[in-house]
Amino acid sequence: MVRRVLALPSGRIAVAVLAVIALLAVFGPWLAPQDPLATSGNTLGAASGSHWLGTDYLGRDVLSRLLDGSRVSVLGSLEVALTALVVGVIPGILSVYLGRAFEWITLRLTDTLVALPFLLFAVAVVALLGNGITQAMLVTGVLVSPLFYRVSRAATLAVARSPYVEAALISGASLGWVVRRHVWVKVLPPIAVALAQTVGVGFVIVSSLTFLGIGVQPPAPTWGGLLASDLGYLSQRPWAPLTPALLIVVTVWACNLLADAIRDVSGEAGRALLNSRKARANQIDEAGPAPAGGAS
Amino acid sequence: MSADAIPCTRGGGMSTDAVLTLEGLSVHYGARRRRRRVLHDVNLSIAPGETVGVIGETGSGKSTLARTVLGLVRASGGSIVVDGEEVAGYGPRQWRALRRRGVVQYVFQDPLRSLDPDLTVADSLAEPLLVQGVPRAEAATRVRAFLDRVRLTEDLLDRLPGELSGGQRQRVAVARALVTEPRLVILDEPVSALDSANRVQVLQILKELRDDGVALVFISHDLGSVAGVADRIAVLYRGELVETGAARDVIAAPQHPYTRLLVRSAPTLHSAPADRAERDALRALLHA
Amino acid sequence: MSTVSTLAESTVAQAVLSVRDLRISDQANGREIVHGVSFDLAPGRTVGIVGESGSGKTLTCRAALGILPVHFEVTGGAIELDGRDITGLAPAEWTAQRGSTISAVFQDPASYLNPSLRVGAQVAEVIRVKKRAGRRAARRQTIELLRAVHLRDPELVYGQYAYELSGGMLQRVLIAAAIAAGPRVLIADEATTALDVTVQAEILDLLADLRDRTGLALVLVSHDLAVVAQLCDEVLVLRQGEVVEQGPTREVLHHPRHEYTRLLIAEHEQYGLDRFLAPEEDV
């Protein structure tokens, strides 16, 4: 499936953008040219040779703070997505097979989770358990897990009633075999789509929380926190909020683009799409040596 | 021409070595007040290598009969003996053990939907063997050795079901049911979705199978589509077996009014205008 | 009225539908799909078209109804309905023709009815539009029609929805709608294919009954030669857009000339009921 996604231009762009962001998250702190916490007398400075993106109200280097802050945002959003994946997918698939009671309980639980506003809940959890992005993101992950539960349950239901699964059962296949061999392949693409979407949503949540100053102690840099503090000095540096805002927007956009690309290449429609592209490519190859300008 | 009196039911005595014996089988759907009777007191025995056609209209319970024998639907009464084992009270584990022996297989009506669209022909065909624990390499050779019997070529093995014609798909579905060398194969309308040439080809394959000693249960709404291959015919009407007998007898001298209507309704090349009046009379009789 | 070729007129004087060397092409790739189909159909008579999927039998019917799919066009020959060539009709003229002169029923009746409207209202709608009848009169005539297609309890069926009816009943409702405006030609394209054999026989009997009572001309299309043989005076066997055999039903069944027709007959003689039911009359 990875190869199929990369066959699409939009898939390539999305993967490239996300790879850059991921590299920033891993190597950001080392790449930072200066100490992100070091203050200086040069407050609210314009972009210069030593400070590429200028300095903030305490004279700290903005570029260094952005690079250092990327880790919190990326890790936070991944944490949301992976928590939601584990908490949602497993009961989603099992709800089809484990009998009525399990199905009923998990369905009611997801209904309850959907009813809770996750941003408010995350704020409340931070207030209760103390200031930490990890706890807040874990809770958010659980709260957005109904998406995964529903997506995986719907896909599994569609496969579970199909004749080829019955054929496998008639041959003596166990439940585990059926899930591994038939269900998994059909459930994976919609889950991948949901995962890419959720990473984007997680990003927005991390940014929102840090924007509000929740989850991270003040001197530590985050994208949301940078955006918030830059907004306070709009009159002095009107262009400053652009960089963190742009970073957030581009990352979320890349996640959604990736989700679309995965959806486009999966399933019957995806196969047809790729086949038609392949056929067209072959035609062009064959037509390649033909003299240019020939009537077609 | 035929002078002997034709017994309405025949062949209950061979149950000792039968591959399938149903006695007093009944099935209900739903619970309590919504409980509906789907099958009632069905008695049928199938000898090794015998081909039996089960004929019935939509809703007559013919698919339920097949699904009960395969353990997909629970019987509410009576006994089902498959290959010498009483299976009516079996739980999931016992069913799985029985199925892994590959004694009974099933061919679905719709060949497109009965093959996983994401598995190649080779993978679909190997599945029943892999489930039994046959090593991958051996399964592949056994699948290859099998292709000839169902008129499939090796170059189809790497294709997906979506890339096959309707006739090829149905032959793959038949092949998948046969790789475990079952003693009994149940086929649900295996040729209804096929055109003439493919229909003849699949029926020919089934005939050869019967000659190899495999017992076949051929389920259809159309007496005509089983007439060419069935030794015996059982007619299911509203959940009950109303007539069982040798194919020739059932078709040439049907006893029950519904069987008579079936014979008169099946499209034949030599139908007479008088059939129309007879059909009207039989319909009136059945609806009375 | 006009004095166009009195000779041709006399030979097909009674034909209500005549198809002359009909050719249909796929404009997308310029390939010809149907290579010259011809037949004449008189009132009260039945012509059968036999062929597998892709043989062009459905395209031929669609051309006669003016509902060819996009890209497909009549590129040769003529289709005359009541002596008038209809291949070049404008969309508005087609709308006037369909239903009142020529009509059709197809496979899968459920997909031709709106699931959220009562079936009776949908048949009544045809009468109100085509015959400009009032609400009450349309309802009365619909119930008469439902009775005419042998539905038990037509008042009850009038108020039911498509999902409440069986496949055979739905096909009867569609036949009622198709004959509501009193067409002279009815095309049944695989109209009984998805039904149980006993129900198929009921529908075929109904069509024969309508033909005998009202002088309706029938075009019966099927992949099964035996279905066509039951009802038709003349049979065309189509294969890959080509008419490989054409003639009176009896002639085609007993003295098939083309190999493909022989295959269709052999299928029934070897695998069908014909194996056990020897013809009592002529051999």
Q: Bin all alpha-carbon pair distances of region C:118-233 at 5 Å intervals from 0 and give each bin's fraction as a whole percent.
A: 2, 12, 23, 22, 20, 12, 6, 2, 0
Q.
Which one, C:ALA266, C:SER166, C:ALA148, projects farthest toward the positive side of the charge dipole computed for chain C from Cβ point charges (K/R +1, D/E -1)?
A. C:ALA148
(Q) For a protection proxy built on the mean count of beta-carbon atoms within 10 angstrom, sort B:19-26, B:51-58, B:85-92 highest first, please. (A) B:51-58, B:19-26, B:85-92
**Q.** Approximate shape of region B:20-255 as ellipsoid semi-axes (Cα gyration tensor, √5λ), whole Å, largest first
**A.** 29, 22, 16
Q. Which Cα, out of B:GLY166, B:LEU25, B:ALA140, lies furthest along the positive dipole direction of region B:20-255 (beta carbon charges, K/R +1, D/E -1)?
A. B:LEU25
Q | Relative contact order of region C:181-254, defined on C-alpha pairs under 8 angstrom at six or more residues apart (%) | A | 26
Q. Cα convex hull of the protein assembly as shown: how many Å³ per residue?
A. 266
Q. With labels modelled as points extended 7 Å from the Cα through the Cβ direction, what inter-label distance (nm, one decimal) is found for C:TRP94 paired with C:THR75?
A. 1.9
Q | Heavy-atom accessible area per residue - region B:152-271, 1.4 Å, Å² | A | 30
Q: Could you work out how far apart the two model spin labels at A:ALA220 and C:ASP21 are, taking each label as a point 7 Å from the Cα in the direction of the beta carbon, and quote it in nm?
A: 8.8
Q. Taking only protein heavy atoms and a 1.4 Å probe, what accessible area per residue, in Å², does region C:6-275 have with all protein chains in place?
A. 44
Q | Interface residues, region B:228-254 - accessible area loss of 50 Å² or more versus chain alone, probe 1.4 Å | A | B:GLY228, B:ARG248, B:ILE251
Q. Counting each DSSP H run of 4 or more residues in chain B as -39500 (n - 2.57), what helix-only mean residue ellipticity at 222 nm follows after dividing by all residues, to the nearest 500 deg cm²/dmol?
A. -10500 deg cm²/dmol
Q. What is the Cα centroid distance between region A:213-256 and region A:56-113, reported in whole angstrom?
A. 22
**Q.** Global form of chain C, assessed from the alpha-carbon gyration tensor, a/c cut-off 1.5
**A.** oblate
Q. In debye to the nearest 20, how big a dipole does the protein assembly as shown give about its Cα centre with +1 on each Lys and Arg Cβ and -1 on each Asp and Glu Cβ?
A. 2700
Q. What is the set of long-range amide H partners of B:ILE186 at a cut-off below 5 Å, with H atoms built 1.01 Å from backbone N?
A. B:GLN105, B:TYR106, B:VAL107, B:VAL217
Q: For region C:137-205 and region C:220-255, compute the distance between their C-alpha centroids and round to whole Å.
A: 25
Q | For region A:81-95, Karplus couplings with θ = phi - 60° (6.51, -1.76, 1.60), whole Hz, Gly/Pro x | A | 5, 5, 4, 4, 4, 5, 5, x, 5, 4, x, x, 5, 5, 4
Q. Carbon and sulfur together cover what percent of the accessible area of the protein assembly as shown at a 1.4 Å probe radius?
A. 56
Q: Return the residues of region C:214-260 for which accessible area with all protein chains present is lower than in the chain on its own by 50 Å² or more; set the probe to 1.4 Å and exclude ligands, DNA and RNA.
A: C:GLN230
Q) Relative to the present Cα-Cα distance, how much length would full extension add between A:LEU98 and A:ARG12 at 0.36 nm per residue of separation? A) 27.0 nm
Q | Inter-part distance where region B:209-288 and region B:99-115 are each reduced to a Cα centre, Å | A | 25
Q) What does the average come to when, for each residue of peptide B:111-121, you count the partner chain Cβ atoms lying within 10 Å of its Cβ? A) 4
Q | Amide H partners (placed H, <5 Å) of B:VAL38, local residues excluded | A | B:VAL27, B:HIS28, B:TYR29
Q | Given charges at beta-carbon only (K, R positive; D, E negative), |dipole| of chain C in Debye | A | 1520
Q. Does region B:238-288 classify as rounded, prolate or oblate by the C-alpha gyration tensor (a ≥ b ≥ c root eigenvalues; a/c under 1.5 gives rounded; else a/b over b/c gives prolate, otherwise oblate)?
A. oblate
Q.
Before we go on, tell me the buried accessible area for the A/B pair, both chains summed, 1.4 Å probe, in Å² to the nearest 100.
A. 2000
Q: Could you check what % of the DSSP bridge pairs in region C:6-275 are antiparallel, to the nearest 5?
A: 55
Q) Say the dipole of the protein assembly as shown comes from +1 at the beta carbon of Lys and Arg and -1 at that of Asp and Glu; which of A:GLY213, A:PHE102, C:THR75 then lies farthest toward its positive end? A) A:GLY213
Q.
Can you tell me what share of the DSSP beta bridges in region B:20-255 is antiparallel? A percent to the nearest 5 is fine.
A. 55
Q) Within the protein assembly as shown, what percent of beta bridges assigned by DSSP are antiparallel, to the nearest 5? A) 55
Q) How big is the C-B contact in terms of buried accessible area, both chains counted, 1.4 Å probe, rounded to the nearest 100 Å²? A) 3400
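The values are calculated or read from the model by the stated rules, or taken from the named source; none is laboratory data. Please read these numbers as outputs of a predicted model, since none were measured by experiment. As a convention, Cβ positions derive from the backbone with ideal geometry for all residues, glycine included, and neighbour counts pool all protein chains shown. Ligands, DNA and RNA are stripped out before the accessible areas are found, and what is left, the full protein with its side chains, is counted by its heavy atoms. Shrake-Rupley method; radii C 1.70, N 1.55, O 1.52, S 1.80 Å.
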